[in-house]
Each structure stands twice: as structure tokens, then as C-alpha cells.
Amino acid sequence: MTAVPTKVALHARNVAFEWTGLPLAWIPGEVFSSHLINVLHLLLPEGERWFVKVFSEALPLIEDEQLREDVIGFIGQEGVHAASHQGVLDYFDEHGLDTREYVAQVAALFQRILGDRGLEGKAKEEWLVMRVSVVAAIEHLTAVLGNWVLNSPALDAAGADETMLDLLRWHGAEEVEHRAVAYDVFCHLDGRYSRRILAYGVGGPALIWLWIQGVRYLMEHDTVNGPAKPRVRDWLRASAKGMVPGPRLLATSSLKYFSPLYHPAKEGDTSQAVAYLAKSPAARRADALAGTDVS
Ligand SMILES: [Fe+2]
Ligand SMILES: [Fe+2]
């Protein structure tokens, strides 16, 4: 009987995607759903580059050798995620959806609220731990979304673009693979329940606000399908059809993070993530090029 993996050695897969011919609404007939998911391309390049920066700063403070290895794998994976979503953004910018104004606003916001602050000594370390706790909170949500997209047959049934689905599922699978790293680093450096809850309490609503603004921006600036205004009932309808994550998933996942017994290992399914990565066209090409294809 094959052992079910609960933990894997993390490594970055140097994936590449070809976007020629990608429609902006890559789920046929579902402009709102496509753009709700397209917000990932707006937020992740900036966000994940920031994750890499924070965890590169945290690396020298980690005394556990296994955790250090995990963080190095995490940094490698997040760097490739950021670059891959950036590729979609660049394509959008050239094909009727100019995202640069919104992306510049997000970059400025990140720098102003979550940047270095020029601190030294103990204050610098405290600020680093605070930012690690924010990454851990966001990583809970990325694991939830990763798990969702690995279990979203409605997207296949609707005829969603296969390359985009592979990008989302490769990324989602790696989020499930490394879902415990940021949380474990936070526990290693600090682990206070109050700080964990503060980070989620501030970071969660901020992310939702950015997401709403992102959907609005994309629908207003889509020169191929729009412009149009998104409505709450569009979200309820799309989530009922299984096209996007819905409010119930958001609420139940958030409540889980508030449990004092929470650990990311209890969420998602590593064996499912590993199984997807073994068949993902992009991951297979990357592993073959790197000489690590074991199939
Ligand atoms: Fe990621
Ligand atoms: Fe991640």
C-alpha cells in the first residue's frame, strides 16, 4: 500500500505558461467569475514578493534545521508564484485590460503599511515577527483557496481555459503543500495567540477589501467585455454554481483560524496536492527540464 504523504520536501518548480489567445473572461460566459479569480493576478505578484522579502529576513532567526529547509522551499515557491501571475498581468495589460493603476496603488499601500520602517534592534525584530504573523494569516487563506480550486469541477464543466486552470491548480497545490510553513515559523519565533488573532483580524478584512476593489477595477477597465459594475448577487450566484469560493467557505475557514487548537496541517490534503503536481502539465514540464521528473 502506498503511504499517504502528510509532509513533503518543498521545492520550487520553474513553470512557464503560454497565454496567447487567452480570453479576459476565461470561464466562457462568466465575466464576473473570471474577474473575481483574476484579482489573484493583481494582488499576488506584489504580495508574494513581499512574503519572500519577509521570510528571507526571518531565515537567520530560525534555529530549527528542518524549518529552515522548509522556509527555503517556501521562498522558492512563492517567488515562482509571483512571477507566474505577473505573466498574466503583463498579458492583460497588452490585451484590453490595463491593470497598472490598481497594481501601483497596491504596491504603494504595501510599502506604506507593511514596509521596512527603517527600524533597528529589538523594534526591528518585533516588526518582523508581526509581519510573519500577517503572512501566516494570509497563508491560511491561500491554502483554503488552493484546496478549493483543486476541488472545483464546475470550472472544468464550464469549459474554463485549461492553461489558466493549470496555473491556478499548480499554485493551489503548492499552497496546500507548504500551508504550515508560515504558521510554524510564527510559532517558532513568537506564537502568541493574541498576535495571531490580531494579524487575521486586520489582515483578513484588508484582503477582502482589496479583493472587492480589484473586482470593481477589473470589470470597469475591461474594454473587451465591459465596462460593468459587480454586485453582491453576482457573487452569490457564481458561488452557488461552484465557479468561485462563496461566503460560507470564507466564514467557516476564518472561524477555524480563531480556534486555539488550529494548525494548518488539519486543513487541505497533501496527497491530493502531490497527485495534482504529478499530473500538472506546467509542473511536469518544469520537473522534466530540471531532471526531477520521477514519473
Ligand atoms: Fe503562493
Ligand atoms: Fe503560499
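The values are calculated or read from the model by the stated rules, or taken from the named source; none is laboratory data. Remember, predicted model here, so these are calculated numbers, not experimental data. Glycine also receives a Cβ, built like all others from the backbone with ideal geometry; neighbour counts cover every protein chain displayed. In case anyone asks, the SASA skips ligands and DNA or RNA and just uses the protein heavy atoms, side chains included. Shrake-Rupley method; radii C 1.70, N 1.55, O 1.52, S 1.80 Å.
Results for (1) more than 14 Å from ligand 1 (Cβ to nearest atom); (2) open to solvent by 10 Å² or more (accessible area, probe 1.4 Å); (3) in contact with a Phe, Trp or Tyr (Cβ under 7 Å, 6 or more places away or on another chain); (4) in a helix (DSSP H, G or I), shown as yes or no for each residue.
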residue	(1), (2), (3), (4)
Ile138	no, yes, no, yes
Leu145	no, yes, no, yes
Thr163	yes, yes, yes, yes
Gly172	no, no, no, yes
Tyr183	yes, yes, no, yes
Arg195	yes, yes, no, yes
Leu198	yes, yes, no, yes
With (1) away from ligand 2 (no atom under 16 Å from the Cβ); (2) at pLDDT 95 or above; (3) farther than 21 Å from Val8 by Cα; (4) of a type outside the set (Val, Ile, Thr) as the list, and Asn151 as the residue in question, which single condition is left unmet? (3)
All conditions in (1) outside any loop (DSSP other than H, G, I, E, B); (2) farther than 19 Å from Asp184 by Cα; (3) not aromatic (Phe, Trp, Tyr) are true of Arg131 except (2)
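Among the listed residues Leu261, Leu250, Leu255, identify the single one that is surrounded by fewer than 11 Cβ atoms within 10 Å (Cβ to Cβ) and part of a helix (DSSP H, G or I). I'd like the intermediate steps shown before the answer.
Numbers: Leu261 fails: part of a helix (DSSP H, G or I); Leu250 fails: surrounded by fewer than 11 Cβ atoms within 10 Å (Cβ to Cβ).
Among Leu261, Leu250, Leu255, only Leu255 is surrounded by fewer than 11 Cβ atoms within 10 Å (Cβ to Cβ) and part of a helix (DSSP H, G or I).
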May I ask you to say which residue of Gly242, Gly204 is under 26 Å from Ala180 (Cβ atoms) and either of a type in the set (Gly, Ala, Ser) or crowded, with 17+ Cβ neighbours inside 10 Å (or both)? Gly204
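Are any residues in the stretch 157-196 within 19 Å of Leu277 (Cβ to Cβ), within 16 Å of ligand 2 (Cβ to nearest atom) and not aliphatic (A, V, I, L, M), and if so, which ones?
First, pick out the residues of the stretch 157-196 that are within 19 Å of Leu277 (Cβ to Cβ): 162-181.
Add one more test, that the residue is within 16 Å of ligand 2 (Cβ to nearest atom), and what stays is 167-181.
Scanning the stretch 157-196 gives Arg169, Trp170, His171, Gly172, Glu174, Glu175, Glu177, His178, Arg179.
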Of all residues in the stretch 264-293 being free of Cβ contacts under 8 Å to residues at least 12 places away in the same chain and more than 24 Å from Ala182 (Cα to Cα), the one that is surrounded by the fewest Cβ atoms within 10 Å (Cβ to Cβ): Gly291
Among the residues of the stretch 64-78, are any touching a Phe, Trp or Tyr at 6+ places or on another chain (Cβ under 6 Å) and more than 14 Å from ligand 2 (Cβ to nearest atom)? no
For residues that are within 14 Å of ligand 1 (Cβ to nearest atom) and either acidic (Asp, Glu) or under 19 Å from Gly115 (Cβ atoms) (or both), tally how many sit in the stretch 54-78. 4
If the requirement is being open to solvent by less than 40 Å² (accessible area, probe 1.4 Å), in a helix (DSSP H, G or I) and away from ligand 2 (no atom under 16 Å from the Cβ), which of these qualifies: Phe51, Phe55, Phe92? Phe92
